[in-house]
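Data first, discussion second: the structure below is written as structure tokens.
Since every read-out is calculated from the coordinates, none of them should be taken as a lab result. Everything numeric here is computed off the predicted structure, so don't read it as measured data. Cβ: placed from backbone, ideal geometry, glycine included. Neighbour counts: every protein chain shown.
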Amino acid sequence: MKQDIEKIIISEEELNNKVKELGQRITADFKEENPILICILRGGAIFMSDLIKQIDTPLEIDFMSVSSYGRNSSSSGIVKIRKDIDVDIQNRHVIIVEDIVDTGLTLDYISDYLKNHNPRSVSICTLLDKPEAHKLDLKIDYTGFKIGNDFVVGYGLDFAEKYRNLPYIGILKKEIYS
Ligand code: 5GP
């Protein structure tokens, strides 16, 4: 796996520190509000499990799985829900936990979908953001790292289901995916 990585852009230590910082911010913003954190599978799973351990207030968790039509590595904006939420989010504070925002189309769809369930609020927490790739103006409440337009893997992010278990974020060598 490691030989397929061009460069490590975020180390394990940097990830740990950032997740801690995001957890502290969410703790301060939602103290005693019992928020529901909704993880977008599968890429958000590792981030989610580390993040909730750094949030020092009661919370609930749930999971959603979506697929985007079109090519694997780019979003079409047409989203199919493969696994819906199970909890009732009406009148509750919801925090969507995502691995990466690229065009922003997936999160825009999920956010609108969840807002239709009448939650008290919907916030977005993403580990990574590619601002240059945004195709719409998406309000992101918690961002771990802003990165360039390279295709990255590790810490939950895959290419063809591989590399999710790398403990860092790395740029995949172009010859692997092109
Ligand atoms: P968006 O709808 O924002 O364009 O796409 C978001 C989804 O595209 C992410 O949840 C992720 O599945 C995928 N994606 C976008 N950029 C990358 C990347 O650099 N690496 C990986 N592994 N997935 C990406």
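Would you please name the trypsin sites (Lys or Arg not before Pro) within the stretch 1-110 that are DSSP coil residues with at most 16 other C-beta atoms within 10 Å of their C-beta? The qualifying sites are 31, 42, 53, 71. By the rule of a C-alpha distance below 18 Å, with chain neighbours fewer than 8 residues away ignored, the aspartates and glutamates paired with residue 2 are 12, 13, 150, 158, 161, 175. Paramagnetic label reach from residue 177 (point 7 Å along Cα→Cβ; backbone nitrogen cut-off under 18 Å): within the stretch 121-139, residues 127-135. In straight-distance terms, cross-link reach from residue 53 covers every one of the lysines whose alpha-carbon lies under 21 Å from its own, apart from those fewer than eight places away in the same chain; here that gives 18, 20, 31. Over the residues of the chain, the helix contribution to mean residue ellipticity at 222 nm works out to -7000 deg cm²/dmol, using -39500 (n - 2.57) for each DSSP H run of at least 4. The mean sequence distance of close C-alpha pairs (under 8 Å, at least 6 residues apart), as a share of the length of the chain, puts its relative contact order at 24 percent. Loop-located GluC sites (Glu not before Pro) across the stretch 69-178 with a Cβ neighbour count of 16 or fewer within 10 Å are 161, with loop assigned by DSSP.
Under 5 Å between amide H atoms, partner at least 5 residues away or on a different chain: which partners does residue 61 have, H built in plane at 1.01 Å? Answer set, sorted by chain and number: 37. Each Lys and Arg contributes +1 and each Asp and Glu -1, all at the Cβ; summed about the Cα centre of the chain, the dipole is approximately 360 debye.
Between residue 11 and residue 86, full extension at 0.36 nm per residue minus the direct alpha carbon distance yields a gain of 23.6 nm.
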